[in-house]
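Here the structure comes first, spelled out in structure tokens, and everything after it is commentary.
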Amino acid sequence: MRANSLALRLFLSATAWAVIILLITGVVLSSLYRQAVERSFDRRLGVYLRTIVADLASPEETGAKFPQSLGEPLFELPLSGWYWQVTRLDPDKHDVRSSRSLWDGGLPHLEDLGIAAGPDGSRQGYVAGPEDQRLRLVERNIDLGDEGHYLVAVAGDAAEITQETRSFDQALAITFALLAAVLLLTTTFQVRFGLAPLKRITDSLAAIRAGTAVQLAGKFPEEIAPLARETNALIETNREIVERARTHVGNLAHALKTPLSVMVNEASARPRDPLAAKVLEQADIMRDQVARHLERARLAAGLTVVGSVTDVKPVVTALARTMEKIHHGRGVAIEVRAENDARFRGERPDLEEMIGNLVDNACKWASSRVAIEVVRERRSPASDAQIVRIIVDDDGRGLSPTEREQAAKRGRRLDETKPGSGLGLSIVVELAGLYGGELTLGSAPLGGLRAELVLPAA
């Protein structure tokens with residue numbers, strides 16, 4: 001998931017909401033559990049309180065009042081955290097009785113602390129007991145009529161509530177941590193699964209550019225299907241436009257060739273006429289310009305075709321055999337070293353024209369040997385872009401730096417004794433430029449000229 005990607009946005013938003021929901025749920029569950037523990041603790045204290053109330057209400061002859069233990073040994077253990085206390089509120093008979101565990105201390109009154117009584121007249125709350133113990137206390141006013149008015153209080157160690165709640169919180173934290181991890185994994189899977197159709201479209205478009213596919217194939221979800229249909233329609237429209245452009249270029253070429261041929265024939269019939277000579281001169285210029293611009297139009301149209309890929313090695317091998325036959329009388333040998341994975345991102349006719357011009361030029365100037373090398377490599381160490389480097393060397397006389405600069409100019413011939421129009425290298429330069437490549441001339445290890453053509457690789 002890269003920065004500023006749709007996958008990262010979906011993952012972070014889903015993760016943020018999951019974390020927020022888990023935190024809120026954890027706080028709510030912890031609070032509810034603590035309330036439940038407190039209610040359970042209060043019910044336990046209430047049992048002890050009702051036992052004391054029952055003893056207070058019993059006739060004195062049935063037994064002594066104020067039992068010490070209430071069935072709980074902690075009420076006998078000094079400062080155990082479990083206490084009971086009965087305070088007689090009658091002004092003339094004020095008296096306080098308490099459990100042995102309270103020793104010589106006393107329990108505060110919740111009423112004095114401002115805690116309101118519940119529907120049953122009892123009060124519950126936290127208080128500070130002996131030695132600053134934190135206690136959970138339940139107290140209730142009991143009116144026995146002639147037998148007196150009492151305030152009965154029972155307190156328990158609040159550490160039990162805290163420990164119980166802390167244990168639950170720890171278990172809850174572990175459970176939610178595991179749940180969060182599972183949710184993160186699930187979110188990652190959902191994001192990858194949900195965006196898989198977009199990845200398929202990306203791979204399909206890469207395949208179209210690489211020339212291994214002609215359109216987006218397969219079934220896509222309803223949300224993505226319109227995008228796939230429109231993309232396929234765009235690709236098909238592009239092909240139709242290119243075909244129409246090529247047809248128009250061909251028609252224009254034929255339409256111009258006939259009038260020019262007529263003009264040349266008519267002028268050639270008057271060899272001594274100065275006007276005819278001028279017409280022939282201008283007709284040659286027109287044919288050159290028409291050929292040049294029609295060729296550039298054809299190349300520009302060809303470059304708009306999506307997915308054109310050409311294997312370089314078969315093209316170079318075939319051209320080498322052809323050029324050896326053409327220059328057989330001069331005994332020129334052509335050596336080819338080409339990597340099998342070198343693929344040019346473009347059309348085969350354009351590659352044949354570029355390499356053909358370079359090899360033909362090398363054969364014309366070579367003494368006996370021409371070497372062709374094709375390698376695939378990175379454009380630069382910092383870039384992942386691949387290029388195809390085509391190197392054509394000959395063992396001829398070579399060119400000086402000034403001659404190299406002039407050689408690539410259109411129509412410039414450095415030696416009029418050699419056949420040709422002087423357009424070969426300039427055509428290579430224009431073609432390479434249209435594909436984003438370049439042609440450089442230098443000195444070859446064989447002693448002649450080195451022509452190095454760099455083109456985009458597929």
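Laid out as a table, the results:
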read-out: Condition met for ASP169 (outside the structural domain of PHE75 (by TED's automatic domain parsing), surrounded by 14 or more Cβ atoms within 10 Å (Cβ to Cβ) and touching a residue at least 60 places away in the same chain (Cβ under 8 Å)); value: yes
read-out: Flag for VAL96 being out of contact with any helix residue (DSSP H, G or I) (no Cβ under 6 Å at 6 or more places or on another chain), over 26 Å from GLU38 (Cα atoms) and β-branched (Val, Ile, Thr); value: yes
read-out: Which listed residue is in contact with a Phe, Trp or Tyr (Cβ under 8 Å, 6 or more places away or on another chain), assigned by TED's automatic domain parsing to the domain that holds ALA338 and at pLDDT 85 or above, from LEU358, LEU351, LEU446; value: LEU351
read-out: Some residue of segment 183-194 being within 30 Å of GLN386 (Cα to Cα) and assigned to a helix (DSSP H, G or I); value: yes
read-out: Inter-residue pairs, beta-carbon under 8 Å, first part of a strand (DSSP E or B) and in segment 434-458, second acidic (Asp, Glu) and surrounded by fewer than 18 Cβ atoms within 10 Å (Cβ to Cβ), 6+ apart; value: LEU439/GLU452; THR440/GLU452; LEU441/GLU452; GLY442/GLU452; LEU453/GLU438; VAL454/GLU438
read-out: Residue in segment 146-160 that is part of a helix (DSSP H, G or I), touching a Phe, Trp or Tyr at 6+ places or on another chain (Cβ under 7 Å), surrounded by 17 or more Cβ atoms within 10 Å (Cβ to Cβ) and not polar (S, T, N, Q) present; value: no
read-out: Candidate set from segment 195-209 (those that are of a type in the set (Lys, Arg) and without any contact (Cβ under 8 Å) to a residue 60 or more places away in the chain); member that is surrounded by the fewest Cβ atoms within 10 Å (Cβ to Cβ); value: LYS199
read-out: Every residue from segment 1-41 that is part of a helix (DSSP H, G or I), closer than 30 Å to ARG192 by Cα and without any contact (Cβ under 8 Å) to a residue 12 or more places away in the chain; value: LEU8, ARG9, LEU12, SER13, ALA16, TRP17, ILE20, ILE21, LEU23, ILE24
read-out: Selected residue [in a loop (DSSP other than H, G, I, E, B) and at pLDDT 85 or above] from GLY396, GLY420, GLY346; value: GLY396
read-out: Test result for LEU260, farther than 30 Å from MET286 by Cβ, in contact (Cβ under 8 Å) with a residue 12 or more places away in the chain, among the aliphatic types (A, V, I, L, M) and not assigned by TED's automatic domain parsing to the domain that holds PHE344; value: no
read-out: Conditions (1) within 26 Å of the chain's Cα centre (by Cα); (2) assigned to a helix (DSSP H, G or I): number failed by GLU240; value: (1)
read-out: Cross-chain or 6+ apart pairs with Cβ under 8 Å, segment 363-378 first and in contact (Cβ under 8 Å) with a residue 24 or more places away in the chain and within 11 Å of ALA333 (Cα to Cα), then outside any strand (DSSP E or B) and among the acidic types (Asp, Glu); value: ALA366/ASP395; SER367/ASP395; SER368/ASP395; ARG369/ASP395; VAL370/ASP395
read-out: Selected residue (criterion: farthest from GLY81 (Cα to Cα)) from residues of segment 118-171 that are among the β-branched types (Val, Ile, Thr) and out of contact with any helix residue (DSSP H, G or I) (no Cβ under 6 Å at 6 or more places or on another chain); value: THR162
read-out: Residues being assigned to a loop (DSSP other than H, G, I, E, B) and surrounded by fewer than 17 Cβ atoms within 10 Å (Cβ to Cβ) - total across segment 313-343; value: 4
read-out: Matching residues, segment 210-256, being within 25 Å of PRO456 (Cα to Cα), β-branched (Val, Ile, Thr), surrounded by 15 or more Cβ atoms within 10 Å (Cβ to Cβ) and modelled with pLDDT under 75; value: VAL242
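The values are calculated or read from the model by the stated rules, or taken from the named source; none is laboratory data. The shown structure was predicted, so the numbers you read here are calculated from the model rather than taken from an experiment. Cβ coordinates were reconstructed from backbone atoms using ideal geometry, including for glycine residues, and neighbour counts include every protein chain displayed.
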